[in-house]
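See structure below.
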Amino acid sequence: MTENSTSPTLRRNTLGLVAVATMGAVVMSPAIGIFALFPVIEQTTGRIAPIIFLLTLLISLPTAISYAMVARNMASAGGGYTWLWNSTRPSIGLWLGWNIITYYEVAVVAVIAIFGLFFEDAVQSVFGIAPGLGVWIIGLLVAIGLIALFTYLNIQVSARVALGFLLFEALTILALAVTILIVRGHQGVVNAQPLNLANATDGFNGIMLALVIGVFSFAGYEIVSTVAEEAKTPKRYIPAATVLSLVLVGVFWAFTSYGFSFGVSLSKLNAIAATGVTTPVTPIARIFWGGGDAFVIIAGLTSTLAVCLSDIVATSRTMYAMSRDSVIPSWFSRIHERHHTPWNALHVLIAIGIAVPILSGLWIGPTNTVNWWVTAMVFFALCTYLFVNFANIAYHWRYRRDQFNWITNFLIPVAGILIDGFVLYRGFFVSLWGAGFEMGQSIIYFSVLWAVLGAAFAYWRLRKLPQLRERKSFILEHEAPAEELGGVAQIEAE
């Protein structure tokens with residue numbers, strides 16, 4: 001598959017290593033990881049959040065390494081979609097592309113809903129207006145308006161805005177954690193207890209459940225692969241940024257959660273969470289910063305915007321790649337001549353990003369909307385990770401046999417498959433099946449049926465266009481010669 005040289009393309013050789021790594025780190029969101037997951041981890045297994053984050057980082061590394069191994073040879077905006085298409089079968093790649101688009105757009109829906117909750121906090125703090133569905137919906141509209149502004153412009157604008165948001169949220173959380181450590185240190189209560197697994201309140205079961213929760217927090221680092229065609233030297237930068245963003249955010253969470261462990265007692269944390277606040281971190285900030293807790297609310301707003309921005313960038317690039325390959329309408333691959341962004345794909349994603357959370361909020365309310373879509377995202381994320389680990393094995397065994405390494409191209413991806421498979425089974429199917437229909441079984445039904453629909457779409461599309469089975473998805477030629485993947489041919493849009 002080749003690009004039409006007369007048509008605008010994504011802006012090449014634009015993003016450096018820092019900008020590329022930012023896109024991955026932003027999606028994991030240093031702030032949201034603390035705001036949302038630190039309290040849940042402590043409530044689940046006691047004051048050992050730092051070591052849970054470190055252990056989760058270790059078990060997330062195999063999949064990140066698989067992403068890096070494949071990305072260094074197949075640079076493409078299609079990411080996992082292109083990798084599975086080229087290394088296995090077009091039908092598998094097309095089905096995975098369906099799931100990747102769903103994964104990223106579901107994340108957009110969930111995070112926009114989270115923005116609405118922080119927006120309610122901000123409005124109540126500044127204007128004294130009580131939270132409610134109407135205020136929440138206004139927050140959604142504000143969020144999607146800002147995201148549209150940043151994503152429609154060129155990728156450099158998106159990356160710079162994301163970096164600015166990332167720095168603000170990270171510095172806010174870091175400053176609060178350091179403040180807590182200084183204050184509690186003067187009181188003589190800072191110690192090494194949060195780093196001792198023996199302090200787990202629910203033993204091995206609690207640790208395992210906390211690890212499942214922790215794995216969810218690391219989802220998103222892999223979107224750096226979708227900006228490969230806009231990165232400088234993607235063969236080097238994409239693999240490095242994938243692992244770098246994961247490690248930096250993981251270490252950040254471990255350190256800051258250590259500080260937050262001394263913020264309030266576990267019983268106090270439970271009491272705060274029971275009041276229904278958006279995040280217990282805000283009341284904790286009020287204890288140590290007084291009116292400075294406003295910085296936490298602002299960090300919540302900016303961090304959610306940054307996640308949405310990166311997710312929509314990733315989704316639009318995946319849709320662009322699939323449209324370029326003629327597996328979805330060519331309308332989605334049209335690039336704006338000035339900004340070099342896939343505007344038509346962005347139109348659709350922005351519309352979904354506002355319509356779905358509003359409809360969901362009217363059905364189950366704002367807070368449940370967040371929980372429902374975050375949980376659904378887990379299914380599509382883990383399916384993607386499972387298949388990318390497999391692509392690491394298949395690609396190197398079939399096309400790079402001379403470079404095949406039994407550790408990086410077999411043992412590590414197998415470990416990733418086992419870990420991701422366990423989390424999918426234990427953290428998704430088992431935990432949700434007993435959670436009732438509205439917030440449990442309905443999520444399973446939706447996720448599985450949507451994945452089956454994706455398989456039906458892949459079957460229908462390839463049956464309608466059988467010539468696609470003989471083609472390869474587009475990759476940058478300077479990253480891997482076409483002949484290595486069996487030839488690359490032009491497919492006319494049909």
Filter the stretch 155-208 down to residues that are outside any helix (DSSP H, G or I) and surrounded by fewer than 18 Cβ atoms within 10 Å (Cβ to Cβ), then give me how many there are. 8
Checking THR242 against (1) open to solvent by less than 20 Å² (accessible area, probe 1.4 Å); (2) at pLDDT 90 or above; (3) more than 25 Å from the chain's Cα centre (by Cα), which single condition isn't satisfied? (3)
Residues (among the polar types (S, T, N, Q) and either open to solvent by 90 Å² or more (accessible area, probe 1.4 Å) or assigned to a helix (DSSP H, G or I) (or both)) located in the stretch 426-473: SER431, GLN441, SER442, SER447, GLN467
Would you pick out the residues in the stretch 404-425 that are surrounded by 15 or more Cβ atoms within 10 Å (Cβ to Cβ) and of a type in the set (Phe, Trp, Tyr)? PHE404, PHE410, PHE422
Which numbered condition LYS232 misses (of (1) open to solvent by less than 20 Å² (accessible area, probe 1.4 Å); (2) over 21 Å from VAL374 (Cα atoms)): (1)
Please work out which one of (1) open to solvent by less than 30 Å² (accessible area, probe 1.4 Å); (2) touching an Asp or Glu at 6+ places or on another chain (Cβ under 6 Å) is the condition VAL307 fails and give its number. (2)
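Picking from ALA49, ALA64, which residue would you name as being more than 20 Å from ALA198 (Cα to Cα) and either open to solvent by 30 Å² or more (accessible area, probe 1.4 Å) or not aromatic (Phe, Trp, Tyr) (or both)? Walk me through how you get there before you give the answer.
Working: ALA49 fails: more than 20 Å from ALA198 (Cα to Cα).
The unique qualifying residue is ALA64.
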Among the residues of the stretch 249-256, is any hydroxyl-bearing (Ser, Thr, Tyr) and either under 30 Å from MET319 (Cβ atoms) or modelled with pLDDT of 90 or more (or both)? yes
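Taking the condition part of a helix (DSSP H, G or I), small (Gly, Ala, Ser), closer than 21 Å to GLY365 by Cβ and touching a helix residue (DSSP H, G or I) at 6+ places or on another chain (Cβ under 7 Å), does ALA143 pass? Break it down stepwise before answering.
On the way: part of a helix (DSSP H, G or I): yes; small (Gly, Ala, Ser): yes; closer than 21 Å to GLY365 by Cβ: yes; touching a helix residue (DSSP H, G or I) at 6+ places or on another chain (Cβ under 7 Å): yes.
Taking the combined requirement at face value, the residue satisfies it.
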By residue number, the members of the stretch 96-123 that are closer than 29 Å to VAL388 by Cβ and among the small types (Gly, Ala, Ser) are GLY97, ALA107, ALA110, ALA113
So for the stretch 257-270 (the condition being in contact with a Phe, Trp or Tyr (Cβ under 9 Å, 6 or more places away or on another chain), crowded, with 21+ Cβ neighbours inside 10 Å and under 21 Å from VAL27 (Cβ atoms)), does at least one residue qualify? yes
Complete set of residues in the stretch 339-353 that are outside any loop (DSSP other than H, G, I, E, B) and polar (S, T, N, Q): ASN344
I'd like the full set of residues that are open to solvent by less than 10 Å² (accessible area, probe 1.4 Å) and closer than 15 Å to THR22 by Cβ, limited to the stretch 277-304. SER303
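For the stretch 62-69, check the following and say yes or no: at least one residue is hydroxyl-bearing (Ser, Thr, Tyr), over 16 Å from the mean Cα position of the chain (by Cα) and closer than 13 Å to VAL388 by Cβ.
Of the stretch 62-69, the ones hydroxyl-bearing (Ser, Thr, Tyr) are 63, 66-67.
Right, trim to over 16 Å from the mean Cα position of the chain (by Cα) and you get 66.
So of that shortlist, the ones also closer than 13 Å to VAL388 by Cβ come out as 66.
Yes, there is a match, as at least one residue in the stretch 62-69 is hydroxyl-bearing (Ser, Thr, Tyr), over 16 Å from the mean Cα position of the chain (by Cα) and closer than 13 Å to VAL388 by Cβ.
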For the stretch 356-387, how many residues meet the condition of being within 20 Å of GLU120 (Cβ to Cβ) and hydrophobic (A, V, I, L, M, F, W, C)? 10
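In the stretch 96-154, how many are touching a residue at least 60 places away in the same chain (Cβ under 8 Å) and either touching a His at 6+ places or on another chain (Cβ under 6 Å) or open to solvent by 30 Å² or more (accessible area, probe 1.4 Å) (or both)?
13
The values are calculated or read from the model by the stated rules, or taken from the named source; none is laboratory data. Values in this document were obtained by computation on a predicted structure and should not be read as measured data. Here Cβ is always computed from backbone atoms with ideal geometry, including for glycine, and neighbour counts include all displayed protein chains. Note: areas computed on protein heavy atoms with side chains; ligands, DNA, RNA excluded. Shrake-Rupley method; radii C 1.70, N 1.55, O 1.52, S 1.80 Å.
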